[in-house]
1. Looking at Val13, Val126, which one is touching a strand residue (DSSP E or B) at 6+ places or on another chain (Cβ under 8 Å) and crowded, with 17+ Cβ neighbours inside 10 Å?
2. Take the residues in segment 195-218 that are of a type in the set (D, E, K, R) and closer than 18 Å to Pro96 by Cα; name whichever of them is surrounded by the most Cβ atoms within 10 Å (Cβ to Cβ).
3. So which helices (runs of 4 or more DSSP H) stay within segment 1-112 end to end and still have 2 or more residues that are under 15 Å from the mean Cα position of the chain (by Cα)?
4. Enumerate the pairs (first residue in segment 147-168 and surrounded by fewer than 19 Cβ atoms within 10 Å (Cβ to Cβ); second residue anywhere and in a helix (DSSP H, G or I) and not charged (D, E, K, R)) with beta-carbon separation below 6 Å, excluding pairs fewer than 6 apart on the same chain, so at least 6 apart or on different chains.
5. With the structure loaded, tell me whether Glu100 is acidic (Asp, Glu), open to solvent by less than 30 Å² (accessible area, probe 1.4 Å), in contact with a Leu (Cβ under 6 Å, 6 or more places away or on another chain) and in contact (Cβ under 8 Å) with a residue 12 or more places away in the chain or whether it fails that test.
6. Is segment 133-144 home to any residue that is modelled with pLDDT of 95 or more, open to solvent by 60 Å² or more (accessible area, probe 1.4 Å), more than 29 Å from Ala92 (Cβ to Cβ) and not in a helix (DSSP H, G or I)?
7. Condition check: in contact with a strand residue (DSSP E or B) (Cβ under 8 Å, 6 or more places away or on another chain), open to solvent by less than 40 Å² (accessible area, probe 1.4 Å) and farther than 27 Å from Ala225 by Cβ. Does Ala60 satisfy that?
8. Given the conditions (1) touching a helix residue (DSSP H, G or I) at 6+ places or on another chain (Cβ under 8 Å); (2) not in a helix (DSSP H, G or I), report the number of the one that Ala174 does not fulfil.
Amino acid sequence: MGFAHRGLHGPGVPENSLAAFRAALEIGAGIECDVRLSADNQVMVFHDHDLRRLCASALAVESTTSAVLSGQKLFDSGEHIPQLRELLDLVAGRVPILVEVKCRGGNAAQLTRAVANELKAYPGPVGVMSFEPSVGKWLKRHEPEICRGLVISERAGAIDRWRPIRTASPAFLAIDFGALARPWVRKVRRSRWVYCWTIRAPGQRQTAEVHADALIWELDGRPGA
C-alpha cells in the first residue's frame, strides 16, 4: 500500500490530522507525516512554517507553544494540530510511519533529538527523513538504530545530491517523482532503498512501481484508484 502522504486526507479530512491517519489505518496504508518543533520543544505534526493555509492564523509553529498549537482547528473540521506522540499512540505499530523533519532557523539538531526521544519506546516500524542532511548526520551519530532517509527534489543537481548523501548516510532516499526515471536513480538504487513522492495519478503509480521500492501517494495516486 505504500505511504499515504500526510495521511489519507481529502474533503473534510485535513492533511496531517488524526482523522487522516485513522483513514489510512482503515485501509492498511503506511503513513507519511511532517513534523516541526514548537516553542516549548514539543514535536508537532504540521507541514507549513505558519498556520495561514490550514488554520487561517498568522501564528508560526516554531514561535508558538504546543498548548496554543494544539488548540488550533484545521480548516472547519474540528480536527486539531496533533503532536507526534498522538500519532504514535494511534498507530501503535500497526503500519509503518515515515516522519519528515521540517527544520527552520538552525533547529535541526534540537528537532531531531526531540523526534528521537519520542521514538525511543515506540514498538513499530518508522523512518525519519528530511531535506536537511544534518538530520541524518545527527541520527547516525546519536541514534543509529533509527532508519534514516534523505529527501531529494527534482531540481537537485549532482552536487546537491551527492554531498547530502555523504553527509546523511541514509538507508533510503525519498525522491521527487520528476527525477525518478533518471539514470542516477537506477545507480543509487543498487545500494539504497528508493521511495518516491508524491504519486497523484495512476500513470505516475505505474512508472513509480517500476523505479521505486515504496510509493508515497495521495489523491488519485492511491492504490486501486
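The values are calculated or read from the model by the stated rules, or taken from the named source; none is laboratory data. Note that the coordinates shown come from a computational prediction; the quantities given were computed from them, not determined experimentally. When we count neighbours, we look across all protein chains shown, and the Cβ atoms used for this are built from the backbone with ideal geometry, even at glycine. To get the accessible areas, we keep the full protein, side chains included, count just its heavy atoms, and leave off ligands, DNA and RNA. Shrake-Rupley method; radii C 1.70, N 1.55, O 1.52, S 1.80 Å.
1. Working: Val13 fails: touching a strand residue (DSSP E or B) at 6+ places or on another chain (Cβ under 8 Å).
Only one candidate qualifies: Val126.
2. Taking segment 195-218 as the starting set, the residues that turn out to be of a type in the set (D, E, K, R) are 200, 205, 209, 213, 218.
Imposing the further condition that a residue be closer than 18 Å to Pro96 by Cα reduces the set to 213, 218.
Values: Asp213: 15, Glu218: 22.
Step by step, filter segment 195-218, then rank; the result is Glu218.
3. Numbers: elements: 18-26, 52-55, 66-70, 84-91.
Because the criterion is at least 2 residues that are under 15 Å from the mean Cα position of the chain (by Cα), the helices (runs of 4 or more DSSP H) in segment 1-112 that meet it are 18-26, 84-91.
4. Correct list of pairs: Glu154/Gly178; Glu154/Ala179; Thr167/Pro133.
5. The answer is no for Glu100.
6. No, segment 133-144 contains no residue that is modelled with pLDDT of 95 or more, open to solvent by 60 Å² or more (accessible area, probe 1.4 Å), more than 29 Å from Ala92 (Cβ to Cβ) and not in a helix (DSSP H, G or I).
7. On the way: in contact with a strand residue (DSSP E or B) (Cβ under 8 Å, 6 or more places away or on another chain): yes; open to solvent by less than 40 Å² (accessible area, probe 1.4 Å): yes; farther than 27 Å from Ala225 by Cβ: yes.
Against the criterion (in contact with a strand residue (DSSP E or B) (Cβ under 8 Å, 6 or more places away or on another chain), open to solvent by less than 40 Å² (accessible area, probe 1.4 Å) and farther than 27 Å from Ala225 by Cβ), Ala60 qualifies.
8. Condition not satisfied by Ala174: (1).
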